[in-house]
Amino acid sequence: MSLPIPRSDGRYGGKITRRRLPTNEPAVDTLDGEARDFLARMWLSQAATELRVARSFAVVHAALRTLRADPGLVSIAARAVDDEHRHAALCKRMAAAYFGAEVVDPPELPFAPPAHAAATSAEERSVLHVIGQCAFNETFASGYLSASLEGAKVPLARAALSELLSDEVDHARIGWAYLATLPEGHRAAVEDWLLPLAVCNLREWRALATPRLDAVAARGQDVLAEHGFPRADVVEAALVATLRDLVVPGLRHFGFRAEKLATWVDAGAAT
């Protein structure tokens, strides 16, 4: 399925961060050329990912409108599309900072929204798009970025990661807020989907992180962690902790039965 890339409406006025990015970062200057090139490519890859997430939020926005969700949630979802374009611009700026010159635009990554072929209706499919992208994927993103920020020591990286994290937390709240207002008729169906949604999201996060982290491991983990790219074991622990400490308790808080999900997590969360 081919969908057009949603364009930013420019509401942020070209300002890619609310936090002042350091204009001169000595820690970048002290890196060797190979490490700088590697980190530039990592950030440019992240820019491409952020543009793909913008497409996901276009789907979420349309789903919330179809579901006649709270207007505030619809508005935040629309803003999230713009946020992701801002994230892409920020990541491209970071790539340029490490490369030491302007960089090319990030590549367009393939995108298709989850099919959820087993859903019993188009409305149920819309519900799953909102919950899967926001309550699951964006909560995972928050956990990953929290771990990245915790290990980062370079001010430039910390400023960029802080900006990304603050927005991803807001994006996750869209899903949790929608779960709090979910019509009773959808609750049983959603409970059946909790484990599949968790498995699929965690599998995607592991697939996204593993190639990068294999490369990180080969290039001096401690130095790269200081620049915002932690070791593989740190990322894995953060992803599992996100499930155990945020997702499962959050679902239970809103009255969902999460026993199967919790059992899977306790058994190691195999994907």
- line: Note: among Pro230, Pro249, just one is at pLDDT 95 or above, more than 21 Å from Leu64 (Cα to Cα) and out of contact with any Lys or Arg (no Cβ under 9 Å at 6 or more places or on another chain), namely Pro249
- prompt: Would you call Val223 at pLDDT 95 or above and over 19 Å from Ser45 (Cα atoms)?
  reply: no
message: Anything in the range 73-109 that is in contact (Cβ under 8 Å) with a residue 12 or more places away in the chain and small (Gly, Ala, Ser)? List them, or say none.
response: Ala77, Ala78, Ala80, Ala88, Ala89, Ala95, Ala96, Ala97, Gly100
message: Quick check on this structure: which one of Arg36, Arg68 is outside any helix (DSSP H, G or I) and more than 19 Å from the chain's Cα centre (by Cα)?
response: Arg68
Selected residue [part of a helix (DSSP H, G or I) and hydrophobic (A, V, I, L, M, F, W, C)] from Leu51, Leu21, Leu109, Leu31: Leu51
- prompt: In the range 8-58, which residues are surrounded by 11 or more Cβ atoms within 10 Å (Cβ to Cβ), at pLDDT below 70 and under 22 Å from Ile174 (Cβ atoms)?
  reply: Ser8, Asp9, Arg11, Tyr12, Ile16, Thr17, Arg18
message: Checking Thr210 against (1) crowded, with 17+ Cβ neighbours inside 10 Å; (2) closer than 22 Å to Leu39 by Cα; (3) modelled with pLDDT under 90, only one condition comes out false. Which one?
response: (1)
field: Residue list for the range 180-194, filter: assigned to a loop (DSSP other than H, G, I, E, B) and surrounded by 12 or more Cβ atoms within 10 Å (Cβ to Cβ)
entry: Leu182
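What residue, of Ser126, Ser162, Ser148, is touching a residue at least 12 places away in the same chain (Cβ under 8 Å), surrounded by fewer than 17 Cβ atoms within 10 Å (Cβ to Cβ) and of a type in the set (S, T, N, Q)? Walk me through how you get there before you give the answer.
On the way: Ser126 fails: surrounded by fewer than 17 Cβ atoms within 10 Å (Cβ to Cβ); Ser148 fails: surrounded by fewer than 17 Cβ atoms within 10 Å (Cβ to Cβ).
Within the list Ser126, Ser162, Ser148, the selection yields Ser162.
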- request: Taking Ala97 as meeting all but one of (1) part of a helix (DSSP H, G or I); (2) closer than 28 Å to Cys200 by Cα; (3) touching a Leu at 6+ places or on another chain (Cβ under 7 Å), write down the number of the exception.
  value: (2)
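Do we have Arg173 as farther than 30 Å from Pro22 by Cα and basic (Lys, Arg) here? Walk me through it before giving the result.
Working: farther than 30 Å from Pro22 by Cα: no; basic (Lys, Arg): yes.
So Arg173 fails the test.
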query: Scanning the range 241-267 for residues that are surrounded by fewer than 16 Cβ atoms within 10 Å (Cβ to Cβ) and under 22 Å from the mean Cα position of the chain (by Cα), which turns out farthest from Ala157 (Cα to Cα)?
result: Pro249
Matching residues in the range 116-134 - criterion: being under 23 Å from the mean Cα position of the chain (by Cα) and part of a loop (DSSP other than H, G, I, E, B): His116
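Residues to consider are Glu150, Glu102; find the one that is modelled with pLDDT of 95 or more and acidic (Asp, Glu). Step through it out loud before you land on a result.
On the way: Glu102 fails: modelled with pLDDT of 95 or more.
Glu150 is the lone residue from the list that is modelled with pLDDT of 95 or more and acidic (Asp, Glu).
The values are calculated or read from the model by the stated rules, or taken from the named source; none is laboratory data. Quick caveat, the model's predicted, so the values are computed rather than measured. Virtual Cβ from ideal backbone geometry, glycine too; neighbours counted across all protein chains shown.
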